[in-house]
Amino acid sequence: MAWNLDFISEENFKEHVRATIMKYGEKLESYDLKRFNSNLIDPIKLIFDKSVYRSSWEEIVNNEIFRQRDKSNNNDIGYFHQNIFSYFKGCEVPQAGWDVIYKNTDGIQMPEGDIVHTVYVEMKNKHNTMNSASSAKTYIKMQGQILEDDDCACLLVEAIAKRSQNIKWTTKVDGKNVQHRLIRRVSMDRFYEILTGEEDAFFKMCMALPVVINAVVTEEESVSVPHDTVIQELRNVAALYDETSEDLSMAMAVYMLGFNTYMGFGNKMEQQIGDGSNEGMLKRIYEYAKRLN
């Protein structure tokens, strides 16, 4: 496929994609039961979710593993969205202060006719990730920058905005609605347009992205498919319970993730150890369950 992004070279784009994938790092490591429960699973929620969504144990456990990985991966995608601009002409990605600073000696035209030569950017992945206190703090920071430099604009850029937009940002500070024509709320596509002069620059990047990701994953030997053992380890624990059904035995194994020190749960395991059946294995599982917390 011919490279048609004028604002970033194929080599630089590929390098940035590779850096983003490498940030996945330990999230690509396989999950065992101890890692799965490292932040304490809520067994009650897991059992409700399984029943309400009519899922198998394997599906619900895999969904939880995906959720844990996904929570960390959001930061890595934030890295992708922000640091790609270090390759754009006139852009800087500072270590602190602002997420992106864009300078253009020819001038940057704002929608209401103002011409500025510097744009300061705060970037958010989704439109709804800021609470009222955070919004007020960010707005005051932008207000202060404009007071200090009257040849600039400040943008709140959202990767996932409600719609394509470049509008005055209206928010509340000390209970009052505030807005300024040079403090703006901008979707990612419109920000790409500001930097490149191309209306469809963000679209072009998105079209190139899947091909480049696949190429990098194919080239990188360190990017391996995780082999998670959580469901098998839970089944091993469930097999030690003499319950009326396999489903209830699995529920007991899940309960032990969060409740192994709770009254009744630990006692039940101790009672089974006392029965003498599979005594060595039960003791090992019991000690392992205690270490999960």
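The values are calculated or read from the model by the stated rules, or taken from the named source; none is laboratory data. These numbers come from a predicted model, not from an experiment. Note: ideal-geometry Cβ built from the backbone for every residue, glycine included; neighbour counts use all protein chains shown. Only protein heavy atoms, including side chains, enter the accessible area calculation; ligands, DNA and RNA are left aside. Shrake-Rupley method; radii C 1.70, N 1.55, O 1.52, S 1.80 Å.
Only one of the listed residues (Phe66, Phe80) is surrounded by 16 or more Cβ atoms within 10 Å (Cβ to Cβ) and closer than 30 Å to Leu28 by Cβ. That residue is Phe80.
Take the conditions farther than 24 Å from Thr218 by Cβ and buried (at least 17 other Cβ atoms within 10 Å of the Cβ) and apply them to Phe36. Does it pass? Spelling it out, Phe36 is indeed farther than 24 Å from Thr218 by Cβ and buried (at least 17 other Cβ atoms within 10 Å of the Cβ).
Would you check if Ile101 is crowded, with 17+ Cβ neighbours inside 10 Å, free of Cβ contacts under 8 Å to residues at least 24 places away in the same chain, in a strand (DSSP E or B) and over 14 Å from the mean Cα position of the chain (by Cα)? Explain how you work it out, then say what you get.
Details: crowded, with 17+ Cβ neighbours inside 10 Å: yes; free of Cβ contacts under 8 Å to residues at least 24 places away in the same chain: yes; in a strand (DSSP E or B): yes; over 14 Å from the mean Cα position of the chain (by Cα): yes.
Yes; evaluated as a whole, the condition is true for this residue.
Each residue in segment 169-191 was checked for being free of Cβ contacts under 8 Å to residues at least 40 places away in the same chain, of a type outside the set (Val, Ile, Thr) and within 20 Å of Gly107 (Cα to Cα), and 4 of them qualify. Among residues of segment 10-33 that are under 16 Å from Pro210 (Cα atoms) and open to solvent by 60 Å² or more (accessible area, probe 1.4 Å), those with a beta-carbon under 9 Å from a residue that is assigned to a helix (DSSP H, G or I) and of a type in the set (Ser, Thr, Tyr) at least six positions away or on a different chain give the pairs Glu15/Tyr87. Against the conditions (1) open to solvent by 60 Å² or more (accessible area, probe 1.4 Å); (2) at pLDDT below 85; (3) of a type in the set (A, V, I, L, M, F, W, C), Phe259 satisfies every one except (1).
Are there any helices (runs of 4 or more DSSP H) wholly within segment 2-89 with 1 or more residues that are in contact with a Phe, Trp or Tyr (Cβ under 6 Å, 6 or more places away or on another chain), and if so which? So that I can check it myself, show each step before the final result.
On the way: elements: 10-23, 33-36, 43-52, 57-83.
Those helices (runs of 4 or more DSSP H) span 10-23, 43-52, 57-83.
When the residues of segment 150-162 are filtered to those that are assigned to a loop (DSSP other than H, G, I, E, B) and modelled with pLDDT under 95, the one that is farthest from Met123 (Cα to Cα) is Asp150. Among the residues of segment 156-176 satisfying the criterion of being β-branched (Val, Ile, Thr) and within 22 Å of the chain's Cα centre (by Cα), which is most open to solvent (accessible area, probe 1.4 Å)? Filtering first and then ranking leaves Ile160.
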